[in-house]
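Presented below is the structure to which this report refers.
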Amino acid sequence: MSPLNGKVVLVTGAASGIGAATLVKLRELGATVSGGDLCLAPLGTESRFQGVRMETVDVRDPEQVQAFVDIVVERHGRLDAVVNSAGVGAPSDLALMTHETSHRDWDLQIGVNLTGTYAVSRAALPSLLVQGGAIVNISSIMGLVGSAGFSAYTASKAGVLGLTRSMALEYATSGVRVNAVCPGFVNTPMVHRFLGRSDDPAAARRSLELVTPMGRLAEPAEIADVVAWLISDAASYVTGAAIPVDGGYTAF
Ligand SMILES: NC(=O)c1ccc[n+]([C@@H]2O[C@H](COP(=O)([O-])OP(=O)(O)OC[C@H]3O[C@@H](n4cnc5c(N)ncnc54)[C@H](O)[C@@H]3O)[C@@H](O)[C@H]2O)c1
């Protein structure tokens, strides 16, 4: 029996990286998945996405978010889980001190990473509350520790953890579990863009590997495995957790 059989799951940021790997993994495990993303272009003709329903949605826009949730619920008659993976790093991908960080860059990262997670959760909760369900938010190790030069990103990801814990408490007796995954450095386009802005991307990658006790980046599927477990009934007593999936980064 597939562990996610019968579950209808919505994934944001589903066209790339962790969101895409999660969409594929959940489908493999029996879930009926729908993906949403600001930009569907990366999907191209990749065979792993064939037959997956994808919608264009900007998680910063409450009307688009509501329409996306409504489409999924109308299509399948229910909603069992949400994965909030849509996210952005610092637009310049450069380390900037807080006094150098523009309000525009701050608003973008808080807007997508934190307010977007709130907006999608808010729109989905009435449906999740019908029969119970799960929300999994993709935070980051940067939500657990500080990072000089990336205060907007760390604030957005720490905010996601606060939101996760508060929602977990609010819905603890209503059958909706809310958890966060805190990935370390993952082999995704977001990290490739970051490394690509360095003068020596290979050396920059090695420096990320060096600060990771396991000595390597994660593959997106390794994050997706934990997300799938959190959605599954095997995690029926887990709520309000922030689970590092970081090769030991936060064990220091
Ligand atoms: N890659 C890492 O090392 C890493 C580590 C920790 C946490 N994370 C988090 O994991 C999540 C996924 O990141 P990733 O590495 O897969 O990045 P990615 O860039 O590969 O994927 C992010 C996706 O989010 C989408 N997106 C961006 N803004 C959006 C918006 N306004 N509305 C809807 N979709 C939007 C993008 O189009 C993209 O498809 C993010 O929240 C990121 O902060 C990533």
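Just a few scattered comments:
- Relative contact order %, the chain, counting alpha carbon pairs below 8 Å whose residues are six or more apart: 20
- Loop-resident trypsin sites (Lys or Arg not before Pro) (DSSP state other than H, G, I, E or B) in the range 127-215 with no more than 10 further Cβ atoms inside 10 Å of their Cβ are absent.
- Vicinal HN-Hα couplings computed from phi for the range 95-100 (Karplus, 6.51 cos²θ - 1.76 cosθ + 1.60; Hz; Gly/Pro x): 5, 10, 4, 4, 6, 9
- Annotation: extensible slack from GLN131 through THR173 equals 13.9 nm (criterion: 0.36 nm per residue apart, minus Cα-Cα distance).
- Over all directions, the projected convex hull of the C-alpha atoms in the range 176-252 averages 5.8 nm² in area.
- Ranked by the mean number of other Cβ atoms within 10 Å per residue, highest first, peptides 3-9, 21-27 order as 21-27, 3-9.
- Amide hydrogen proximity for VAL83: with H placed 1.01 Å from N in the peptide plane, the residues at 5 or more positions away or on another chain lying under 5 Å are LEU10, VAL11, THR12, VAL136.
- Directionally averaged projected area (convex hull, Cα atoms, the range 86-226), nm²: 9.2
- Dipole magnitude for the chain: about 320 debye, using +1 per Lys or Arg Cβ and -1 per Asp or Glu Cβ, origin at the Cα centre.
- For the range 1-113: Kirkwood Rh in Å [reciprocal of mean 1/r, alpha carbons]: 15.1
- Multiplying the residue separation of MET1 and ARG216 by 0.36 nm and removing their Cα-Cα distance gives an extension gain of 74.1 nm.
- Listed residues THR101, THR212, THR56, most fluctuating in the chain (Gaussian network, C-alpha, under 10 Å): THR101
- Percent of Cα pairs in the range 57-111 per distance bin of 5 Å, from zero to the largest separation: 4, 15, 20, 18, 12, 10, 9, 7, 4, 1.
- From phi via Karplus (6.51, -1.76, 1.60), per-residue ³J(HN,Hα) for the range 119-124 in Hz, x at Gly/Pro: 4, 5, 4, 4, 5, 7
- Efficiency of FRET from Cβ geometry, GLU28 and ASP61, R₀ 30 Å, rounded to 0.05: 0.45
- Each semi-axis of the equivalent ellipsoid for the chain is √(5λ) with λ an eigenvalue of the Cα gyration tensor; in descending order they amount to 28, 19, 19 Å.
- Cβ-defined net charge surrounding VAL145, 14 Å radius [Lys, Arg +1; Asp, Glu -1]: 0
- Between HIS103 and ALA234, the modelled label-to-label distance comes to 4.8 nm, taking each label 7 Å out from Cα in the direction of the beta carbon.
- Charge tally around ALA123: other residues with Cβ under 12 Å, Lys/Arg +1 each, Asp/Glu -1 each, net -2.
We did not get these values from a lab; they are worked out from the coordinates using the rules stated. These numbers were taken from a predicted model, which means no experiment stands behind them. Cβ atoms come from the backbone with ideal geometry, glycine included; neighbour counts cover every protein chain shown.
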